[in-house]
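Below: the structure, in structure tokens.
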Amino acid sequence: MRSTEILIKNKTGLHARPASEFVKAAGRFKSAITIEFKDKKINAKSIVHVLSAGISAGSTIVLTAEGEDEQEAIETLTDVIDKFEE
Amino acid sequence: MKNMKIGVACSPGLAVEKAYILREPEIPADLGSIQPDQVEQELGKLNGALEKSIGQIEDIYRKALQTAGTEEAKIFEAHRMILEDPIFREGMENAIKDCLLTAGHAIAKTAEEQAAVFESIDDAYLRERAADIRDIGNRLLYNALGIEIKDVSSLNESVILVAHDITPSLMATIDREHVKGILAEVGGATAHTAILARNMEIPAVLGASGILSMIKDGETLILDGGKGEVEINPDEAKIAQAYEKIEKTARIKKELRLIKDIESRTKDGRRIELAANIGVPSDTGKVLEYGADGIGLFRTEFLYMDRICAPCEEEQFEAYKKVLRDLDGKPVIIRTLDVGGDKEIPCLNMEREDNPFLGYRAIRICLDDTELFKTQLRAILRASVYGNELIMFPMISNVEEVVKAKKIMEEAKAELERKGQEYAPDVKVGIMVEIPSTAVAADLFVDHVDFFSIGTNDLTQYILAVDRGNTRVSHLYNCFHPALIRLLKNVVEASESRKGVFTGMCGEMAGNPLATLLLVGLGFTELSMSPGSILKVKKIITSVDTAYAKRVAEHVLGLASAEEIEAYLKGELKALGLDYLLEL
């Protein structure tokens, strides 16, 4: 299992287009991927879950992946979030 | 039955076909429960419904890419993501396993619950997604219950599509070859469906309330999209007449095609540029297809709609660059952001206003939010090196606004220079003339601008104090009102007093063949319209000389009412043998 803490810096947060890009990217991995945010565990492969969580700019999330491609998943998804910054 | 004025004329043209009624399927009120030993069977049904729905959405997505463009197709990408959502699926499976519901019941319950969650959050974006989830829920439910979803993307025979509501997404995927007309109980001329219908050149009548109770599936209809009329079960003579008219129209359209590559000049050689109005970058195909001389109005609002944060410079730059490149050196007038309190633009956090058309909109917002404005200006300026670009500011009501807007543009240029980014140094700057104060005092602006473009839709409603969306006063709205024509004359004369300054028009009047003689006579040198009107207007321009057009304009200026003016112009076109263009 691998985990990392990420600060959401882009203006939109994990919402709208960024959210769907993130979920699409997460869906490509075999590992189970979760986001911990405000004591909630969110399935990172679920667009409805991620959208209803309301992860806004300035939030800190913990991204966790568990499975055969966990290392790659964490790296890729961290990258996806970093690229949101405009 | 006699001809009925039944709804709103949304897309011109005539159609005679059988009605194809698209009814929303009836769902049993009680979707039922199951015994524990039926769980596996219902899970199987759910799985089947999901697979079938994903297949359908993929087909629709591909179709939408072709018929409606990439932006329209995106809605179906979102639908697919919801169908593949693990939480959504888990919710439905649990409803079957734990609550012992039928697959259909589980789908309906889960979709409604999820839609309600999104709706309860105060967020415009999520509210729209709630509608997506209901849409998807319905599709799944129909598939689970084995109800055939009427698919109008490929039909075997020509029809007129009749429904309570024809959503933009349904419209985007219709069979363009076989759907000859659109008739719906809801909607109006500005509805997205109406815009799509006009783009696809399919006659449409919307807002025809109660129509479903009057028409049976398979009955023959004559639909007149230009008049908002429909005739049910017409007699043979009427049908023959309508067919004849349709054929004549097709023949004229074919003839008009022949002048596509002919330059738009009067007989004595006066050049009148005929440009197109566009709303999204993918519209350029249509612009070139009709032989437009350029783009006289590129609305940039689309970039700001349906999203949470304003578009970044890079995204805007790419959109503008594409249009300039496609137009390959022909002029492109880009209008800076024009939104107001009548449209919901989540990323701009605009408040609802009692009087949005007299409120906080367009340049008034941009001059306050200079960062928003400068981001757009930098993107527009950077795109300028890819073609012949002009910039236009909307909703200008006094000279100070132009001075301020140009000052902010200079700041944007300085920022680009600091970053070493290129822009064309000689980009022309103009303003929309749509507020009466600017039209009356046009002479005060000529030292500050390179061109005027008259927005007749707003100018007419402002000078006549008529909200044309208000059916009780909309009959007073008429762009041939003598007061409006005097304003047009005033603006053109102001621009003619300064060398190098020109006046164009980008309102609906520019594409109305009834106005062409008058506008040429008044001295307009550029007319911008929806691409489908270009050839009609060109036909008139190439058939007359300037001296005649001037006499027409002078005569019009002596008439006292819009009715007299319209009747006179119709008479002139008839004398020229060109009045058939009014019926297209």
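If packing is taken as the average number of other Cβ atoms within 10 Å across a peptide's residues, how do B:22-29, B:383-390 rank, most packed first?
Working: B:22-29: 11.1, B:383-390: 21.2.
Top to bottom by mean Cβ count within 10 Å: B:383-390, B:22-29.
Going toward the positive end of the dipole of the protein assembly as shown, with +1 on Lys and Arg Cβ and -1 on Asp and Glu Cβ, which of B:243, B:213, B:121 do you reach last?
Value computed over the given set: B:243.
Which of rounded, prolate or oblate describes chain B when judged by the alpha-carbon gyration tensor and an a/c cut-off of 1.5? Let's see the in-between values first.
On the way: a/c = 2.23, a/b = 1.41, b/c = 1.58.
It is oblate, given that a/c is not under 1.5 and a/b is not larger than b/c.
Once you have all Cα-Cα distances for region B:36-145, histogram them in 5 Å bins from zero and send the whole-percent values.
Percent of pairs per bin, in order: 2, 13, 22, 22, 18, 12, 7, 3, 1, 0.
Any idea what the relative contact order of region B:316-395 is, in percent, if you count C-alpha pairs under 8 Å spaced at least 6 apart? Display every interim value, and only then the final one.
Values: 103 pairs, mean separation 41.1, N = 80.
About 51 percent, as a whole number.
What's the ranking of A:4-15, B:444-455 by average number of surrounding C-beta atoms within 10 Å, highest first? Don't skip to the end; give the middle numbers.
Values: A:4-15: 17.6, B:444-455: 21.1.
Highest mean packing first, the order is B:444-455, A:4-15.
If you line up the long axis of helix A:70-83 against the longest principal axis of chain A, both from Cα atoms, how many degrees apart are they, to the nearest 10?
With both axes taken from Cα atoms, the answer is about 20 degrees.
Can you tell me the orientation of helix B:562-575 relative to chain B, as the angle in degrees between its alpha-carbon axis and the longest Cα principal axis, to the nearest 10?
Around 80 degrees separate the two axes.
Non-local amide H neighbours of residue B:345 (under 5 Å, H modeled in plane, Pro and chain starts lacking H): which ones?
B:350
Using a cut-off of 18 Å between alpha-carbon atoms, which lysines can reach residue B:499, once sequence neighbours fewer than 8 places away in the same chain are excluded?
By straight Cα distance, residue B:499 reaches B:428, B:489.
Considering Cα pairs under 8 angstrom that are at least six residues apart, work out the relative contact order of chain B and quote it in whole percent. Before the final figure, lay out each step's value.
Numbers: 1067 pairs, mean separation 77.2, N = 584.
It comes to 13 percent, rounded to a whole number.
Pairing the Cα long axis of helix B:513-522 with the longest principal axis of chain B, what angle in degrees results, from 0 to 90 and rounded to the nearest 10?
30 degrees
If each residue's Cβ is checked for other Cβ atoms within 10 Å, how do B:238, B:499 rank with the fewest at the top? List each step's numbers first, then the result.
On the way: B:238 15, B:499 5.
Going from sparsest to densest Cβ surroundings: B:499, B:238.
Kindly work out what percent of the DSSP beta bridges joining two residues of the protein assembly as shown are antiparallel, to the nearest 5. Before the final figure, lay out each step's value.
Numbers: 32 of 72 bridges.
Antiparallel bridges make up about 45 percent of those DSSP assigns within the protein assembly as shown.
Specify whether the C-alpha gyration tensor of region A:2-83 places it in the rounded, prolate or oblate class, a ≥ b ≥ c being the square roots of the eigenvalues: rounded for a/c under 1.5, otherwise prolate if a/b is larger than b/c and oblate if not.
Numbers: a/c = 1.44, a/b = 1.43, b/c = 1.01.
Rounded, because the longest to shortest axis ratio a/c is under 1.5.
On average, how many beta carbons from a partner chain sit within 10 Å of the beta carbon of a residue in A:42-55? Mind showing how you got there, number by number?
Numbers: counts 1, 4, 1, 5, 9, 9, 14, 6, 2, 7, 9, 0, 3, 0.
Going residue by residue through A:42-55 and averaging, the value is 5.
Can you tell me how region B:381-485 classifies by the Cα gyration tensor, rounded, prolate or oblate, using a/c under 1.5 as the rounded cut? Don't skip to the end; give the middle numbers.
Numbers: a/c = 2.96, a/b = 2.42, b/c = 1.23.
Verdict is prolate for region B:381-485.
To make sure I understand the rule: partners must be lysines, Cα under 22 Å from the Cα of residue B:238, and not fewer than 8 residues away in the same chain. Which ones qualify?
B:2, B:5, B:18, B:180, B:216, B:227, B:248
Here, each number is a calculation from the coordinates, and none is a lab measurement. In this text the structure is predicted, and so the values were computed from the model without any measurement. Please note: Cβ atoms are built from the backbone with ideal geometry, for glycine as well, and neighbour counts cover all protein chains shown.
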